[in-house]
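The structure appears below as structure tokens.
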Amino acid sequence: MNNQQVDCGCDTIPQPLLSIDEALKILIDSAKVTNSTQLIELDGTLNRMLAIDIHADISVPSFDNSAMDGYAINLKENQINKAGGFAFEITDRIPAGSTGEALAPGCAARIFTGAPIPKNANTVLMQEECWLIENKSKIEVYKPISLGENIRPMGNDIQSGGVILPKGKRLQPQDIALAASVGIDKLSVFHKIKVGVFFTGDELVNPGNTLQQGQIFNSNRYSLVALLNNLGCEIINLGNIKDTFNATCDALKALKSACDLIITTGGVSVGEEDYIKPAIEQLGQLNLWRIKIKPGKPLAFGNLGRCAFIGLPGNPVSAMVTFLLFARPFIKKMQGAGHYLNTAFKAQTNFDWNKPKSRREFVCVRLDHTTFPTKANLYPKQCSDVLSSMVWADGLIEIPEKTTFKLGEILNFYPLNELLS
């Protein structure tokens, strides 16, 4: 593909801006972890945040057991690792869920996967390695035999008393299965945080309606709700509101007592029709506004009493990128996540960057896995209104301020499949 850069504007207001690191620190330091928990059955815990460390009360497995269908044998000392040709009398049959009798030296028990190893048995032979002889009353083995073959020892997976799931872990299917494996049927999780949302702009129209001249469909409403659902939030959605100071204040007042966090899109810039900033300043406190980032310079953060507030930009790419970089870690910390900061990997660029910018940029890229090392291709249009760039991309490359480089530069890469989970 053509990796030519397209520049879509520049800073027009000479005003000191917070760095990304400063802004993120302000948000993270301000995030209040919820202390409200509930005990729920395992089937309802998927993607919930674990509220306490989970310890195992038992070892898993709780007994030595067979890893194969075959024969448990009492191997004599003079038979260990010796050439084959040994015969063992079959004296027992042990299916999973039952317990066999103690084995005498030179004897074998037919055993199945998961069944307890009988007393005095010291190895298990796979059935494919054994020959049935003397009317199937004995087995004969021709390979050298080692002690402990195909035996899963007690505690091979989990040791009793250890922490198997840490507090702050977002529960996935394998976590839930692990809890079940030690006999736990309910887990204590943090309550979902409540997030109120609304969207400013008289030009916004919901999909399904007919556009009039100068109107656009409100894509931010759907991206923001989907992003919050991905994070397991409970959402109160006021939809589009009128672009007036009073309507903005009314929406904020309606949400602040019912929510832990309010997020909006649009109305946070410096235009005469941007009412979010003055409304927050009148009703609460504004702690952050305008960041040295592209896309998404106008981003507001503050509070209305106990309710936190994040105002995202109105352009769709700016709204998504700033949500992922700032709102996502803020929300994850509020939810009680043990790991809440975004994780960057390293990727090699497949494009040049010839014009240094005053703001740190996050550009949409797609990795080319047909090359070694893998290289990141740049989407040709990096404008904040080009939502198709987010659909095409599989991640964001972070380009530091005042930087130029040639193809092959190693930079931080944030995969969207991580950011969107």
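For the condition assigned to a strand (DSSP E or B), in contact (Cβ under 8 Å) with a residue 12 or more places away in the chain and crowded, with 17+ Cβ neighbours inside 10 Å, L125 qualifies.
Taken as a whole, segment 209-224 holds at least one residue that is free of Cβ contacts under 8 Å to residues at least 40 places away in the same chain and in contact with a Pro (Cβ under 7 Å, 6 or more places away or on another chain). Please find, within segment 357-366, the residue that is nearest to the chain's Cα centre (by Cα) out of those that are surrounded by fewer than 20 Cβ atoms within 10 Å (Cβ to Cβ) and not basic (K, R). Applying the filter and picking the extreme gives E361.
Looking only at residues in segment 287-346 that are assigned to a strand (DSSP E or B) and among the aromatic types (F, W, Y), the one that is farthest from E398 (Cα to Cα) is F309.
When segment 178-234 is filtered for residues that are β-branched (V, I, T) and more than 14 Å from T264 (Cα to Cα), the ones remaining, listed by number, are V182, I184, V189, I193, V205, T210, I216.
Under the condition of being of a type in the set (S, T, Y) and outside any strand (DSSP E or B), the residues counted in segment 223-267 number 4. Across segment 81-122, which residue is farthest from the chain's Cα centre (by Cα) among those that are of a type in the set (S, T, Y) and in a loop (DSSP other than H, G, I, E, B)? Among residues in segment 81-122 that are of a type in the set (S, T, Y) and in a loop (DSSP other than H, G, I, E, B), the one farthest from the chain's Cα centre (by Cα) is T99.
Rundown of residues vs (1) farther than 20 Å from K194 by Cβ; (2) assigned by TED's automatic domain parsing to the domain that holds N237; (3) surrounded by fewer than 21 Cβ atoms within 10 Å (Cβ to Cβ), yes/no style:
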{"site": "K253", "(1), (2), (3)": "no, yes, yes"}
{"site": "I263", "(1), (2), (3)": "no, yes, no"}
{"site": "I280", "(1), (2), (3)": "no, yes, no"}
{"site": "R290", "(1), (2), (3)": "yes, yes, yes"}
{"site": "F301", "(1), (2), (3)": "no, yes, no"}
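Screening E401 with (1) of a type in the set (D, E); (2) part of a strand (DSSP E or B); (3) touching a Lys or Arg at 6+ places or on another chain (Cβ under 6 Å) gives one miss only, at (2).
The values are calculated or read from the model by the stated rules, or taken from the named source; none is laboratory data. Predicted, not measured: the structure shown is a model, and the values here were computed from it. Reconstructed Cβ throughout: ideal geometry from the backbone, glycine too, with neighbour counts over all protein chains shown.
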